[in-house]
1. When you scan the stretch 177-187, do you find a residue that is more than 14 Å from the chain's Cα centre (by Cα) and either at pLDDT below 95 or not assigned by TED's automatic domain parsing to the domain that holds residue 293 (or both), even just one?
2. Yes or no: the stretch 457-470 includes at least one residue that is in a loop (DSSP other than H, G, I, E, B) and either at positive phi or surrounded by 24 or more Cβ atoms within 10 Å (Cβ to Cβ) (or both).
3. Do you know which residues across the stretch 434-454 are surrounded by fewer than 19 Cβ atoms within 10 Å (Cβ to Cβ) and either at positive phi or basic (Lys, Arg) (or both)?
4. Filter the stretch 224-256 down to residues that are among the aliphatic types (A, V, I, L, M) and in a loop (DSSP other than H, G, I, E, B) and give me whichever is surrounded by the most Cβ atoms within 10 Å (Cβ to Cβ).
5. Can you tell me which residue in the stretch 362-390 is surrounded by the most Cβ atoms within 10 Å (Cβ to Cβ), limited to those that are in contact with a strand residue (DSSP E or B) (Cβ under 7 Å, 6 or more places away or on another chain) and part of a loop (DSSP other than H, G, I, E, B)?
6. From the list 142, 170, 122, exactly one residue is more than 15 Å from the chain's Cα centre (by Cα) and under 19 Å from residue 32 (Cα atoms). Which is it?
7. Taking the stretch 44-65 on its own, how many of its residues are under 25 Å from the mean Cα position of the chain (by Cα) and either among the aliphatic types (A, V, I, L, M) or assigned to a helix (DSSP H, G or I) (or both)?
8. For the stretch 285-304, what are the residues that are at pLDDT 95 or above, out of contact with any Cys (no Cβ under 9 Å at 6 or more places or on another chain), closer than 24 Å to residue 249 by Cβ and surrounded by 20 or more Cβ atoms within 10 Å (Cβ to Cβ)?
Amino acid sequence: MGNPKGFMTIGRKPAGYRPLHERIKDYSEVEQVLDDKDRRDQASRCMDCGVPFCQWGCPVTNNMPEWQDAIYRGDWKTAIEGLHVTNNFPEFTGRICPAPCEHACTLNVHQEPVTIRENERTASDRAFELGFIQPLPPEFRTNRKIAVIGSGPAGLACGDLLNKWGHYVTIFEKDELPGGLLRFGIPDFKLNKSVIDRRLNILYEEGLQIKINCHVGIDIKGTDLLKEFDAIVLAIGAMQPRDLNVEGRELRGIHFAMDFLTQQNRAVAGIQIDEKERIHAAGKHVLVIGGGDTGSDCVGTSIRQGAKSVTQIEILPKPPEQRELNNPWPYWANTLRTSSSHLEGCEREWCLNTTKLISDNKGNVKAAEVAKAEWIDENGNFKMIEKSGTKKIIRTELILLSLGFEHCIHEGLAKELKLELDLRGNIKTNNQGMTSQSKVFAAGDAVSGASLVVRAIAAGRKAADNVHDYLK
């Protein structure tokens, strides 16, 4: 490394967020950026460990020490080239990844990991600004045709590699714009959509084809694609939301989180929305049920819409502030995570089980009845029981269900192709990534269940390898 003692003399310095009073009034990205000197100083803190646990912790196995050193030297071209070896879209993961690499960083033994995620974002943005990311169309074509269903991170990563390797690739997207949940699920204040479009322009110029407004399984039959293409990759995500089975679920004012978020993203993009179908938090007491990242996104979006108050509840216990003995480095730290949205004004509560939703006698929700949940360890299996005498009422006019996702949508393509499913309802694949239907592969959340964007990219890359080997 250019500065082998950087970690001894320079402390961790995150870029931080824009001022709260400014950011809650718009949907621009909340995260600030450091100047080049500070960013290079942060990169200099990488220790070039003999065993880079950061790489072990990263789903795409980024070569951290190499491109950290390039950033420290101000060599943005080498930095982006190093990133592109393992990651198609470092500008996405540099913004929205929870950074398992930093959890595994050796400096995280002292809670001072290298700012790997922010360094990745800066390397990508600087490379675009300086013109180091240019279209590189394949020098030859194989005349093999591949259909990729879904333009989320798994589908884009898969299609990108297969196109670069000379195959003719067409991605089919059911929505009006490509990107999947990158486009319509993740709020603009975390990922500005111009970042997606900037990358898509490169992919288009390299020859990748994307057909929008084309829902395979509905607008076009999967069996027709089987006749036309040499291989098909299903990257359809895991979009079946987990529901809340309690009294009052049918009341108006109760919505799935993703319906709320995708609608707002469309509004930010200037896409016309039927006002009768509009889900809006303005002037309401909002209750977000579910404590994950999607719930956090609902918090930030509700605040920007002008909610009177926002409460987020979670059925699981509150995570500890620091690692516990049974959760050592370099594993992922199961600790309390506080997002920028939480800092904007949100009451958070844990170990609360929703028992009933209460009507205002006009069919609208007016409150939620909750009770304290207690978790009992029964021979290694945790069981939730309700603590007697702990019920209370939370006032709310808008409930957003952020309970995760069960599996991919079965109706349509999966049923038409008679795909075999696993016990969790995900698409079952063999060791080569192929489904029970010949020449049909699957990747990403449709196979694993809902997970991280970086894992979807890794899965898309693996699927591309599998298809490429199959076609050879």
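1. First, the residues of the stretch 177-187 that are more than 14 Å from the chain's Cα centre (by Cα): 177-178.
This time we only want the ones that are either at pLDDT below 95 or not assigned by TED's automatic domain parsing to the domain that holds residue 293 (or both), so: 177-178.
Yes - at least one qualifying residue is present in the stretch 177-187.
2. The initial filter retains those residues of the stretch 457-470 that are in a loop (DSSP other than H, G, I, E, B), namely none.
No, every residue in the stretch 457-470 fails to be in a loop (DSSP other than H, G, I, E, B) and either at positive phi or surrounded by 24 or more Cβ atoms within 10 Å (Cβ to Cβ) (or both).
3. 439, 449
4. Going residue by residue through the stretch 224-256, those that are among the aliphatic types (A, V, I, L, M) are 225-226, 231-236, 238-239, 244, 246, 251, 254.
Subsequent filtering for residues that are in a loop (DSSP other than H, G, I, E, B) retains 235-236, 238-239, 244, 246, 251.
On the way: 235: 31, 236: 27, 238: 23, 239: 19, 244: 17, 246: 13, 251: 17.
Taking the candidates together, the pick is 235.
5. Initial filter on the stretch 362-390 (in contact with a strand residue (DSSP E or B) (Cβ under 7 Å, 6 or more places away or on another chain)): 363-376, 382-387, 390.
Filter once more, keeping what is part of a loop (DSSP other than H, G, I, E, B): 363, 387, 390.
Values: 363: 10, 387: 12, 390: 14.
This residue is 390.
6. Details: 142 fails: under 19 Å from residue 32 (Cα atoms); 170 fails: under 19 Å from residue 32 (Cα atoms).
When all the criteria are applied, what remains is 122.
7. Filtering the stretch 44-65 for residues under 25 Å from the mean Cα position of the chain (by Cα) gives 52-65.
Subsequent filtering for residues that are either among the aliphatic types (A, V, I, L, M) or assigned to a helix (DSSP H, G or I) (or both) retains 53-57, 60, 64-65.
Number of matching residues: 8.
8. Residues satisfying the conditions are 287, 289, 294, 295, 297, 298, 301.
The values are calculated or read from the model by the stated rules, or taken from the named source; none is laboratory data. Note that the coordinates shown come from a computational prediction; the quantities given were computed from them, not determined experimentally. Ideal geometry is used to build each Cβ from the backbone, glycine not excepted, and the neighbour counts take in all protein chains shown.
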